[in-house]
């Protein structure tokens, strides 16, 4: 039986993947009186007096809304809120399993930015954070910006931030292997959607100066007149030599090539034009831009993909559960670049000097140390940057 | 330690009362591939092809949104969405414990009817039913009407419907005790909020012809010019002799007096003016309109309250878990009067002829037969009235 068939059977048999768990027992009148009326009136009164106590007496501080409009689900595209639900339930399962974060799928019956923002603001009282998921580009940036401005809880967008963190962890360890430093490398990112832009933003803020992005029309340069505001902003911040042309023009001599684009877009010729000790992250999923064997045959030294059946899987589950766990535990009011960079180094550092090799640059998702170390690093960075709340 | 203090300690220690439960394990790459990518794409595709399959492959069909704007929470009034959360979490615990229904609190940051309706419609894709809770009157009727018209999932309003069902169950058994028939009794309902109006609507549809309602200004008659549209509608349908005056005027000679009003509003004199074998339901909570000992001293034969420390507790938990369970299991597109009446008789019939006495007219909430029998009755009525969906 193949995975597809097995998935259908599992989803049908279980009738979905998530249910509610009561944290309190309710087996006699006394239990009822404490968990419900009349006892429950007391925490209500306390919160009515001081709204912030909602974090003390309710589960708000551990619940994350997984918000989507279903417009860019996996590689399936715009399939709508109902068809997006299996993915969002799956995400909730990962949040719970890998971070003990309680997450609830909010699949919205709208594609309109104003309505998405409005809906999330209206339901925000019961959530400790928002995780945006699978919203199409560039709408995802608009929604993220608006929510960050208008909500008093942190907003995470895994397609940007989670991917950027895991890729940075992989890069940090790859650079150790090849003996290059982040300040001196040239990075080419192919793909200018949420992942590409998210990676560029985070890596730039970590001091990787020479990053050049490409979209399907070629290099993102400051001379392009067809860029949306998000690509325009990244064009301003990246591409220090204002290079122009096609992907193959800028990849020549590059140290790192990262694909956040589509299947089979990297040729052997492209890889062989790179500098020696080339690092290739082909993150398109499930079919990468190039398979590791071909990239290696063309001269790449370190190759990572999104797939679990190849070495060096760059899996977001390494990042988002611990990042949200640390954010909730520190009651951080935002998730800033420093917190994400700290998460990336925490992940990278879980691969010891002895373990580190071309085919082992990232820890495995099931390594229980990952969540713990990412959480710890995120809390520390939240405190250091002054965004931690009073819970700690 | 009193209940209030104990409630505060419990809520703080547990950090709220609800968390997420994953229904699937996720302990290796294979599990991940089936519950998440790439396997999860398959149920997504199936639902994209046929939206209704969201009930087959996701948990939608077992999730209920507990929707409130926090404007009429317990006896605490308009305390806002955050302070309402302990009650909504408590409701979710009861749904889970007594009906295996997964319910999630949606406490909305708005008091506006349009915004409440809009928010619920936007998040509806992930829910199998809506349970309105603690929305102030008459807004609750407006919201309920709009949602019923505009959503394709059933809408329940426990403050109206749950209360009406349990009270009807109590009435049915009380009438057996006193040997009167529903067609010939006179019922006075004091309180014209969601509970009072909900009870009047359900009881009228069950053939109790002579019902007179009162609000704080006196009898609801067709001559009153100060009634909102909901009171006006109930005035048209009730009070067959178009009686006028005050509560004490219409209670004279009445067989049943039901309070859905406020503490200590019924005097001994009021009760003693009723017909012989008087039935008094004093449902104001936590302080009833009159305590059972006083009502009995004034001549009442059967007295029920909302409290667990008096006999004959009319507790909504007898009704709503089984009603929603049956509604979800039958995939009913609405919860109609026949389904609620069937639920009331299922509850009443759990008190056997031998058990039935003045101080025992309703089964206990912890009686496990309650959910089963209510569920069965609701499913049967849903099928009979043609509102059951294709799941059964």
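Here is how the numbers come out for the structure above:
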{"item": "Length-normalised contact order of the range B:232-312 in % [C-alpha pairs under 8 Å, at least 6 apart]", "result": "26"}
{"item": "Between 0 and 90°, nearest 10: helix B:158-178 axis offset from chain B longest Cα axis", "result": "50"}
{"item": "Theoretical ellipticity at 222 nm over chain B - DSSP helices of four or more residues, -39500 (n - 2.57) apiece, nearest 500", "result": "-13000 deg cm²/dmol"}
{"item": "For residue A:216, inter-copy label distances in nm, listed shortest first [label point 7 Å out on the Cα-Cβ vector]", "result": "6.4"}
{"item": "Cα-based shape type of the range A:1-122, given that a ≥ b ≥ c are square roots of the gyration tensor eigenvalues and the cut on a/c is 1.5", "result": "oblate"}
{"item": "Within the range A:207-320, percent of DSSP bridges classed antiparallel, to nearest 5", "result": "15"}
{"item": "Prolate/oblate/rounded call for the range A:121-226, Cα gyration tensor, a/c under 1.5 rounded", "result": "oblate"}
{"item": "Separation of alpha-carbon centers, the range A:178-247 and the range B:133-211, rounded to whole Å", "result": "64"}
{"item": "Where labels lie 7 Å past Cα in the beta-carbon direction, separation of residue A:30 and residue A:241 in nm", "result": "7.7"}
{"item": "Teacher prompt: residue B:21 distances to equivalent labels in other copies, 7 Å Cα→Cβ, nm", "result": "0.9"}
{"item": "Mean separation of Cα contacts under 8 Å, 6 or more apart, over the residue count of the range A:168-313: relative contact order %", "result": "20"}
{"item": "Tilt relative to chain B, helix B:337-348 - C-alpha long axis, 0 to 90 degrees, to 10", "result": "70"}
{"item": "Normalised contact order of chain B, rounded percent, pairs of Cα under 8 Å and 6 or more residues apart", "result": "13"}
{"item": "Two-site label geometry, residue A:114 and residue A:148: point separation in nm, points 7 Å out along Cα→Cβ", "result": "2.4"}
{"item": "Fraction of antiparallel bridges per DSSP, the protein assembly as shown only, in percent to nearest 5", "result": "15"}
{"item": "Gyration tensor verdict on the range A:234-321 (Cα atoms; rounded if a/c is under 1.5, prolate if a/b is larger than b/c, oblate otherwise)", "result": "oblate"}
{"item": "Residue B:4 paired with residue B:78, simple spin-label distance in nm, labels 7 Å along Cα-to-beta-carbon", "result": "2.5"}
{"item": "Using a 7 Å Cα-to-Cβ projection, residue B:52 label spacings across copies, nm, ascending", "result": "5.3"}
{"item": "With Cα atoms, 0 to 90° folded angle of helix B:113-123 axis to chain B main axis", "result": "40"}
{"item": "Choice from A:48, A:254, A:167 with maximal GNM fluctuation in chain A (Cα, 10 Å cutoff)", "result": "A:48"}
{"item": "Chain B, rotation onto A, residue closest to that axis via Cβ, with its distance in Å", "result": "B:21, 2"}
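Only the coordinates and a few stated rules stand behind these numbers; no lab work does. Only a predicted model underlies this, so the values are computations on that prediction, with no experimental measurement involved. Reconstructed Cβ throughout: ideal geometry from the backbone, glycine too, with neighbour counts over all protein chains shown.
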